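Have a look at the structure below, then the notes.
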Amino acid sequence: MEIPFAESYKIKMVEPLRRSTRDEREQWIKSANYNLFNLRSEQVFVDLLTDSGTGAMSHYQWSEMMLGDESYAGASSYFKMKEAIQEITGFPHFLPTHQGRAAENVLFSALIKSDDLVPGNAHFDTTKGHIEFRKATAVDCTIDEAYNTTLDHPFKGNIDLAKLEAVYKNNPVEKIPMVIITVTCNTSGGQPVSMQNIREVSALSKKYGVRVVFDAARFAENAYFIKMREEEYVEKSIRDIVLEMFSYGDAMTMSSKKDAIVNMGGFIGMRDESLFREASLYNIMFEGYITYGGMSGRDMNALAQGLREGTEFDYLETRIRQVAFLGRLLRDAGVPVQYPFGGHAIFIDAKRFLPEVPQEEYVAQTLAIEIYKESGVRAVEIGTILADRDPNTRENRYPNLEMVRLAIPRRTYTNNHMRYVAAHIINLHEKRNHIKSGYRITYEAPIMRHFTVALQKV
Ligand SMILES: *Cc1c(COP(=O)(O)O)cnc(C)c1O
């Protein structure tokens with residue numbers, strides 16, 4: 001008999017989940033103005049809204065919490081975090097921040113000025129927000145293959161070198177403070193970037209004198225894909241792959257709520273001491289003194305331990321196989337999902353799932369609402385609502401892809417939960433022809449509207 005894959009951990013503490021009825025859910029989602037962010041967590045059975053800060057810490061991390069040093073300056077927890085960051089990323093300098101976007105805010109304050117261009121693979125929304133807030137422009141140089149959900153390509157997070165070089169050639173270099181490599185590329189579906197691509201982007205950028213910065217939230221998941229898909233790295237350890245990846249960069253920003261498996265935290269890693277000095281100034285202004293930067297000592301301890309656990313092969317294999325397990329259940333039943341599966345989430349192609357719902361009626365949001373009503377599973381829209389309006393014309397920006405993202409928290413749900421999610425979505429897919437219309441917006445904020453938008457049935 002074939003031996004099934006089994007998780008590399010067991011469960012010590014549990015948190016009860018509440019079941020609900022379809023009638024209750026229809027009432028709740030209506031009261032929430034059809035915005036899934038407005039639901040209370042007790043109204044959700046399996047919460048796949050995000051994998052950010054929602055993971056389960058290990059008993060080693062919890063014991064580190066007890067050892068936290070809460071001294072204002074020079075806490076031992078700071079040095080524990082520094083040691084872990086040096087060991088795992090190779091960056092000699094670091095600044096703690098309260099989360100990933102805070103790291104962006106501090107680093108970009110030191111580096112980005114108005115009218116600058118910041119090329120990269122598809123920028124994450126807070127990254128783009130921090131670039132545009134400074135009146136600079138994020139230039140998406142992702143390979144075209146990334147936007148075809150059915151095309152099999154091992155590294156859909158890769159940067160197109162010709163697109164990147166065009167940006168370098170056609171603009172004065174002093175207007176390009178950095179290129180950002182997001183690993184894995186969240187916006188294109190948790191898709192990895194190959195070591196070869198990282199190496200080539202770094203070489204090209206060096207030639208033009210442009211800094212390489214990693215948006216590193218899921219760097220360990222990226223390293224796992226390099227090991228599995230890039231021949232030269234099959235025998236290398238995750239830690240060695242990670243060190244090599246970062247060796248091609250000048251700095252990194254980190255949302256530790258992802259691959260460092262903590263509920264809150266972030267940091268900036270830097271090679272250059274003068275950059276560290278400059279960024280320290282902004283860290284003190286925005287985050288806190290440089291030896292805690294918005295984090296408690298106990299949280300820095302848990303983060304240091306989480307970085308080590310997050311870069312273990314067994315952990316990563318369990319994690320990424322669970323994501324693929326859900327993906328395969330859906331794909332085998334004919335549900336249109338992005339392929340290959342990403343590292344942290346499964347993306348459903350909403351236009352193909354609900355072909356009769358017009359894009360103007362927010363087809364991905366419609367699908368996410370239907371999934372919630374059907375199952376109590378909370379997913380998130382990655383479509384027109386998230387894409388927001390054009391800042392100049394105020395028209396809706398219609399993205400190529402209308403996606404519903406099922407993000408899997410780390411070490412939190414079992415494969416039976418994945419079966420539950422898949423079965424409901426497959427049932428809904430079989431009844432999809434009954435869904436012909438979507439929603440209209442009744443309230444929206446001027447920016448980042450997806451968090452607070454209010455909707456009404458068409
Ligand atoms: C989550 C994330 C961020 C922002 O981090 P926060 O901790 O949510 O502030 C930045 N970049 C990427 C790729 C992310 O996934």
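The values are calculated or read from the model by the stated rules, or taken from the named source; none is laboratory data. Computed from a predicted model, the values in this text were never measured in an experiment. When we count neighbours, we look across all protein chains shown, and the Cβ atoms used for this are built from the backbone with ideal geometry, even at glycine. These area figures cover heavy atoms from the full protein model, side chains too; ligands, DNA and RNA do not enter into them. Shrake-Rupley method; radii C 1.70, N 1.55, O 1.52, S 1.80 Å.
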Accessible area per residue, Å², the range 128-224 with all protein chains present, probe 1.4 Å: 37
Crossing angle, helix 363-375 versus the chain [Cα axis fit, 0-90 degrees, rounded to tens]: 70
Fraction of accessible area attributable to carbon and sulfur, the chain (%, probe 1.4 Å): 52
Where only alpha carbons of the chain are counted, the Rg and the Dmax (Å): 21.6, 63
Distance from the range 320-378 to the range 49-82 (C-alpha centre basis), Å: 34
Cα centroid separation, the range 94-110 to the range 401-453 (Å): 31
The range 42-102 - charge dipole about Cα centre, Lys and Arg +1 at Cβ, Asp and Glu -1, debye rounded to 20: 220
Coordinate range along principal axes, alpha carbons of the range 59-310, Å, largest first: 50, 42, 28
Dimensionless Rg/Rh of the range 309-394 - Kirkwood Rh, Rg from C-alpha atoms: 1.06
Rounded tilt (10° steps) of 161-170 against the dominant C-alpha axis of the chain: 60
Summed side-chain charge close to Ala251 - residues other than Ala251 whose Cβ falls under 9 Å, Lys, Arg +1, Asp, Glu -1: 0
Backbone HN-Hα couplings from phi across the range 189-199 [Karplus 6.51/-1.76/1.60, Hz, Gly and Pro as x]: x, x, 8, x, 10, 6, 4, 4, 5, 4, 4
Segments 197-208, 430-441 sorted - mean Cβ within 10 Å per residue, highest first: 197-208, 430-441
Net length gained if the chain between Ala324 and Glu15 were fully extended (0.36 nm per residue, minus Cα distance): 108.8 nm
Residues listed by number, the range 217-248, amide nitrogen under 12 Å from Lys206 label point at 7 Å toward C-beta: 247-248
Phi-based couplings in Hz for the range 444-449 (Karplus 6.51, -1.76, 1.60; Gly and Pro marked x): 8, 7, x, 9, 6, 5
Amide hydrogen neighbours beyond the local backbone of Thr182, cut-off 5 Å, H modeled: Asn121, Asp215
Environment charge at Glu165 (Cβ cut-off 11 Å; Lys +1, Arg +1, Asp -1, Glu -1): +1
Simple Cβ-charge dipole of the range 59-310, Lys/Arg +1 and Asp/Glu -1, about Cα centre, in debye nearest 20: 340
Karplus-derived HN-Hα couplings along the range 274-279 (A = 6.51, B = -1.76, C = 1.60, θ = phi - 60°), whole Hz, x at Gly and Pro: 5, 5, 4, 4, 5, 5
Where labels lie 7 Å past Cα in the beta-carbon direction, separation of Asp140 and Asn415 in nm: 3.5
Acute angle (nearest 10 degrees) that the helix 100-111 long axis makes with the longest principal axis of the chain, alpha-carbon atoms: 40
Sequence-distant lysines (8 or more away, or on other chains) whose Cα lies within less than 24 Å of Lys175: Lys113, Lys128, Lys135, Lys163, Lys206, Lys207
Inverse of mean 1/r across different Cα pairs in the range 245-318, Kirkwood, Å: 13.5
Euclidean distance of C-alpha centroids, the range 148-203 and the range 224-296, integer Å: 18
